[in-house]
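Please read the structure below before turning to the comments.
Each reported figure results from applying straightforward, stated rules to the coordinates on display, with no laboratory input. These numbers come from a predicted model, not from an experiment. Here Cβ is always computed from backbone atoms with ideal geometry, including for glycine, and neighbour counts include all displayed protein chains.
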Amino acid sequence: MPEQILLKNTEENNLYLCFQIDDKTYALTTEKVMEILMLPLLNYPQKLPKFVAGILNYNNILLNVFDMRKILNFPAKKFEINNQIIIIKGEETLIAVIVDKVTDFYTVLNEKVQTITNTTFNNFVNSFCREGDKVINIVDVQSLEKFIKNIDKEETETNYRDYFPDDDKSKYILEKRSNDLALKSSLNISAQFYAKDKYLTFKLGEHVYCLNAEMVKEVISTKNYSITTIPYVPSFIKGVINLKGDFYTVFSLKQFIGIKSDIITDEEKMIVLALNDMKAVLLVDEIGHLLNISPDKLHSQNNLNLNKMFIKSEIYIDNKVYNILDMQRLLNDDRIFIGKE
């Protein structure tokens, strides 16, 4: 999954999770996003409400999964294994929607959000902003929840069984994801699940790291910003960028922790850190997705090799290893403070 992230809202701006339906971009405020899942095989009872593609067992809660494409009045289209489900926290319930793909996280100044007038259908999309030539349509979760409640009594006319891929390889992948979710649900996760911390995953080479989302302001792409080099600094400092009028120092995280680093490419991403006392950007290879990880899983480990890689702990989820980045150690490393003497 492409670039992404999360941050606490302030009075001046909000952070949004962006997703696509065909060539249109929509956004949800990240404080309402619980989790992002790759599309599994859903359950199909005999009758389903309108726009519902199936039933998802999400941590022992059965959720109707709504087809966002149809809700937004886009032409019908079969699902692919790369479709994703966004779990949204409404005022009274959890909402699950299928989207084409999650794209990125974007910080929006409140003053740049414009209200849409004369809406016809889908009046839960009542504002938008512009990023260059791109229009980002902002979904109001409260209005979406109200819209869903109003259609909940109507029965769907779509046979969603025919919407899922039917080749053997795709069916195997969807069924495996469904089984993995069922196994996760069988772990008797308590109500504290909804208070878990959110983490952004990203790759450095073949390693997958996690960073607490509260540390992240936004994620940007190297292809959209010019990095100005600085003389007489360590090689892991790639230079500075001008981001919305402020200058941020760009750190190559791969070089800083000792992973071989090649020249910067347009495919790399930059994680803008949410720090009060310094303006810093971490250069990484690839952005993954959001994870909910409970604090009781974050056991500190004294392994010397992990410490050298600035790894606080290793987490195993769905047979994958996630390395929790030790930001406190990283930000207090003497190498960060150039010329402090």
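Between the C-alpha center of the stretch 85-117 and that of the stretch 195-220 there is a gap of 19 Å. Using bins of 5 Å that start at zero, the share of Cα-Cα pairs per bin across the stretch 212-293 amounts to 3, 14, 26, 27, 19, 8, 2, 0, 0, in whole %. Between the beta carbons of residue 244 and residue 286, assuming R0 = 35 Å, the FRET efficiency works out to 0.90 to the nearest 0.05.
Modelled spin labels at residue 317 and residue 47, positioned 7 Å past Cα toward Cβ, are 3.7 nm from each other.
Between residue 114 and residue 80, the modelled labels are 3.1 nm apart [label points 7 Å from Cα along Cα→Cβ]. For the stretch 13-190, taking the reciprocal of the average inverse distance between every pair of different Cα atoms yields a Kirkwood hydrodynamic radius of 17.0 Å. List the pairs from 217/297; 24/269; 47/297; 146/244; 198/279 whose alpha-carbon separation is above 30 Å, in the order I gave them. The pairs that break the limit, which is 30 Å between Cα atoms, are 47/297; 146/244. Size descriptors for the stretch 196-336, from the alpha-carbon set: Rg then Dmax equal 14.8, 44 Å.
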